[in-house]
Amino acid sequence: MRKWLGIGFVTMLLTMTLGIIMSSSGIAQPASERDITLVNIEFEGTKIWVPGSVAVKKGNTVKIRAINNVQSDPPVHGFAIEAYGIQTVVNVGKPDIIEFKADKAGIFPIICHLHPTHVGTQLVVLE
């Protein structure tokens, strides 16, 4: 005895199949934008950018909002990602926006180029 599948089930099966075919078709999707906020704080005498390491995908447009919350004299800290040619000064109370295209994969230190021994984290760019 032959059973017929309901039209709803067939429609669902076709939709799922077409979805899988379309998603695996290899059509390039536009690179996404990655917004990140890093805050400079002092913890037990050490100045660091938190939340710590940040990861993005190669091809992402990266927008980092750098906030300096460390009261020091002078009230500035540097923010540099040397591999991307980024170097800026972040003043207390004046967030800075750093935007760039993550066009190379790897692990890149983020340092304070003004006081390199005490402020840092890293940018991880995944293939």
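Any read-out appearing in this document is the output of simple, stated calculations on the displayed coordinates, not a laboratory observation. Bear in mind that the values here come from a model prediction, so they are computed numbers and not experimental data. Please note: Cβ atoms are built from the backbone with ideal geometry, for glycine as well, and neighbour counts cover all protein chains shown.
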message: Taking the beta-carbon count within 10 Å as an exposure proxy, list Glu44, Glu99 from fewest neighbours to most.
response: Glu44, Glu99
- prompt: Label points 7 Å out from Cα along the Cβ direction at Asp103 and Val76: separation in nm?
  reply: 2.8 nm
- line: For the range 33-126, shape from the Cα gyration tensor axes a ≥ b ≥ c, cut at a/c of 1.5 then a/b versus b/c, turns out prolate
message: Residue by residue through the range 39-56, what is 3J(HN,Hα) from phi via Karplus (6.51 cos²θ - 1.76 cosθ + 1.60, θ = phi - 60°)? Round to whole Hz and write x for glycine and proline.
response: 10, 7, 10, 10, 10, 6, x, 10, 8, 9, 8, 10, x, x, 4, 10, 10, 9
- prompt: If the chain between Lys57 and Arg34 were fully stretched, how many nm would it gain, using 0.36 nm times the residue separation less the Cα-Cα distance?
  reply: 7.4 nm
